[in-house]
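For reference, the structure is listed below as structure tokens.
The values are calculated or read from the model by the stated rules, or taken from the named source; none is laboratory data. None of the values given here were measured: they were computed from a predicted structure. Note: ideal-geometry Cβ built from the backbone for every residue, glycine included; neighbour counts use all protein chains shown.
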């Protein structure tokens with residue numbers, strides 16, 4: 001009788017423990033979705049209103065049919081054709097309202113086209129800047145909806161992150177989103193590559209990462225960029241770094257003097273040869 005009683009107590013304790021663990025897991029998932037995965041543009045807004053806004057900006061967009069589907073996807077692109085003296089300037093994380101106008105003015109004066117990898121949420125907050133980029137002849141491509149680090153996103157949420165950004169770009173520009181995607185931080189994993197394959201996305205990496213976001217000084221930044229410039233290269237920059245804007249005219253003039261032509265990612269991709277090897281040459285600091 002006592003043995004039966006202890007078994008019953010153990011079963012009840014086990015059931016309570018499982019219930020508690022389930023509650024903790026559900027709670028963590030809600031916190032993750034509300035903070036890490038789905039940050040709001042309106043931090044002071046009541047939670048109910050935040051959720052309503054996010055339903056419009058993310059969930060609805062994530063369910064929008066992907067208009068950029070292509071026959072092939074899931075390929076990583078580090079370079080263009082290595083025997084063409086072309087190079088691509090790319091700007092991540094925008095659009096940032098205090099900086100983009102200055103970048104567009106510099107590019108316009110120098111007759112240079114670039115590629116802007118935009119965050120869907122920021123694009124919806126500043127649609128006029130996205131339209132200005134397109135009107136100036138630049139390429140606007142996908143950098144996720146929330147600037148989500150894809151190695152930390154649940155597998156089931158990776159595709160909605162990309163699809164929602166595509167839909168945001170299409171809504172703003174009235175054009176189909178293109179077939180190019182850059183993951184924040186350059187982070188990729190097998191699940192993400194499978195998602196990009198399904199969506200027909202080429203994953204655009206970079207051959208030259210000067211780490212401009214670290215604000216190491218204009219001279220250091222310019223030296224890194226010029227030292228690593230190679231035919232077919234893809235330069236990673238950010239549109240919210242003042243030092244990048246300050247050195248941009250000199251960078252453009254110096255590369256033009258070396259015979260380089262500036263192109264968008266789609267133009268660089270079109271000129272690639274099948275034998276192009278995806279070799280990455282990002283800057284690496286060496287101990288003295």
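Descriptive notes on the structure:
- Hey, residue 204 farther than 22 Å from residue 86 by Cβ and either touching a residue at least 40 places away in the same chain (Cβ under 8 Å) or buried (at least 23 other Cβ atoms within 10 Å of the Cβ) (or both) or not: no
- Any chance residue 159 is out of contact with any strand residue (DSSP E or B) (no Cβ under 6 Å at 6 or more places or on another chain) and surrounded by fewer than 16 Cβ atoms within 10 Å (Cβ to Cβ): no
- Any hit, region 138-152, residues being surrounded by fewer than 16 Cβ atoms within 10 Å (Cβ to Cβ) and either in contact with a strand residue (DSSP E or B) (Cβ under 6 Å, 6 or more places away or on another chain) or in a helix (DSSP H, G or I) (or both): no
- Qualifying residue in region 141-161 (condition: closer than 20 Å to residue 270 by Cβ and either under 15 Å from the mean Cα position of the chain (by Cα) or touching a residue at least 24 places away in the same chain (Cβ under 8 Å) (or both)): yes
- Selection of region 78-108 for residues being surrounded by 22 or more Cβ atoms within 10 Å (Cβ to Cβ) and either modelled with pLDDT of 95 or more or part of a loop (DSSP other than H, G, I, E, B) (or both) yields 79, 80, 87, 88, 89, 90, 91, 92, 95, 100, 103, 107.
- If the condition is being within 23 Å of the chain's Cα centre (by Cα) and modelled with pLDDT of 95 or more, then region 215-227 contributes 221, 224, 225.
- Residue match in region 261-281 (condition: at pLDDT 95 or above, under 23 Å from residue 76 (Cα atoms) and assigned to a loop (DSSP other than H, G, I, E, B)): yes
- Some residue of region 57-64 being assigned to a loop (DSSP other than H, G, I, E, B) and modelled with pLDDT under 95: yes
- Check on residue 237, part of a helix (DSSP H, G or I) and either without any contact (Cβ under 8 Å) to a residue 24 or more places away in the chain or crowded, with 17+ Cβ neighbours inside 10 Å (or both): no
- Test: residue in region 183-190 that is at pLDDT 95 or above and either closer than 20 Å to residue 100 by Cα or not in a loop (DSSP other than H, G, I, E, B) (or both): no
- Scanning region 207-223 for residues that are in contact (Cβ under 8 Å) with a residue 12 or more places away in the chain and not in a loop (DSSP other than H, G, I, E, B) yields 208, 212, 213, 218, 221, 222.
- Residue-level check: of (1) part of a helix (DSSP H, G or I); (2) at pLDDT 95 or above, residue 117 misses just (1).
- Single match in 176, 131 (criterion: surrounded by fewer than 19 Cβ atoms within 10 Å (Cβ to Cβ) and assigned to a helix (DSSP H, G or I)): 131
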